[in-house]
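Okay, so here's the structure we're looking at.
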Amino acid sequence: MVTDVQGVEVARLRAKDAQAFRSLIERLQQPITGYLHRLVGDREVALDLAQDTFLQVYKEIEKTSLDLALDAWIYRIATNYGLQYLNRQRLRKFIRFSRGADHSTDEHSAVYVPGTMTRSDLLTLASMVPSLEEQAETRLLIQQALASLNPKDAVCLLLHYGDGFTYDQIGNIIESSPEAVRKRVARSVEKFREVYRRLSTTLPVAGQHTELRSASEKKRRER
């Protein structure tokens, strides 16, 4: 439900009030950029997509109604830009693969730069690890596991656990029913856990690296 304060904000934005837009950007630029960073895995790309999002808001806001759910609408625009980017990336990878590109190159390019989660079960995977090396490896696993999901499933997972949106709010963002969102989130969590467990068994943890280095140094000293 839109409050009177939100209605006033929408009215000022529709009137192209410069101060209203500055306040909006100050309030949402960091959350939107952070969300896009977690979605696409690239900070610079996320900054560009966030800029495109606010530009689209400025262009389209006057076409909306006063009872607009403003934040959900802006997140919907950001989500669309993020999904378009991911689809373009997947198309490029498919084209490279179809032209006989080296598989190892494609696999490497599919590994996104580790993102920074901010809350929830996904976050604690990284925050509970004391070693910086272990944290980096955990974040890499999280990013790889997220990349394995259907893009819309990843969106629902990130919005719910990463940004704290309810199923109703996410439904407004991706234009789906709350029940459909709930099912997407439940399905995504199960797949995420499955992929994360599988990946974690193939990537040596930081402690193992440390043990190997210590054993190697001990052998050198013995010589």
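The values are calculated or read from the model by the stated rules, or taken from the named source; none is laboratory data. This one's a predicted model, so the numbers in the text were calculated from it and none came from an experiment. Note that we place each Cβ from the backbone using ideal geometry, even for glycine, and neighbour counts take in every protein chain shown.
Observations, loosely collected:
- Selection within the stretch 160-179 - part of a helix (DSSP H, G or I) and surrounded by 15 or more Cβ atoms within 10 Å (Cβ to Cβ): 160, 161, 162, 167, 169, 170, 171, 172, 173, 174
- Any hit, the stretch 90-100, residues being at pLDDT below 95, under 17 Å from the mean Cα position of the chain (by Cα) and not assigned by TED's automatic domain parsing to the domain that holds residue 167: yes
- Residue match in the stretch 128-136 (condition: part of a helix (DSSP H, G or I), touching a Phe, Trp or Tyr at 6+ places or on another chain (Cβ under 7 Å) and either modelled with pLDDT under 85 or under 18 Å from residue 75 (Cα atoms) (or both)): no
- Qualifying residue in the stretch 166-175 (condition: under 18 Å from residue 73 (Cβ atoms) and small (Gly, Ala, Ser)): yes
- Whichever residue in the stretch 21-71 is of a type in the set (Gly, Ala, Ser) and more than 16 Å from the chain's Cα centre (by Cα) and, among such residues, is surrounded by the most Cβ atoms within 10 Å (Cβ to Cβ): 69
- Total residues in the stretch 136-159, condition touching a residue at least 40 places away in the same chain (Cβ under 8 Å) and under 12 Å from residue 185 (Cβ atoms): 6
- Only listed residue being without any contact (Cβ under 8 Å) to a residue 60 or more places away in the chain, assigned to a helix (DSSP H, G or I) and not acidic (Asp, Glu), chosen from 49, 86, 39: 49
- Among the criteria (1) assigned to a helix (DSSP H, G or I); (2) surrounded by fewer than 17 Cβ atoms within 10 Å (Cβ to Cβ), the one residue 145 does not fulfil is (2).
- Of the residues making up the stretch 15-28, none is at pLDDT below 90 and of a type in the set (S, T, N, Q).
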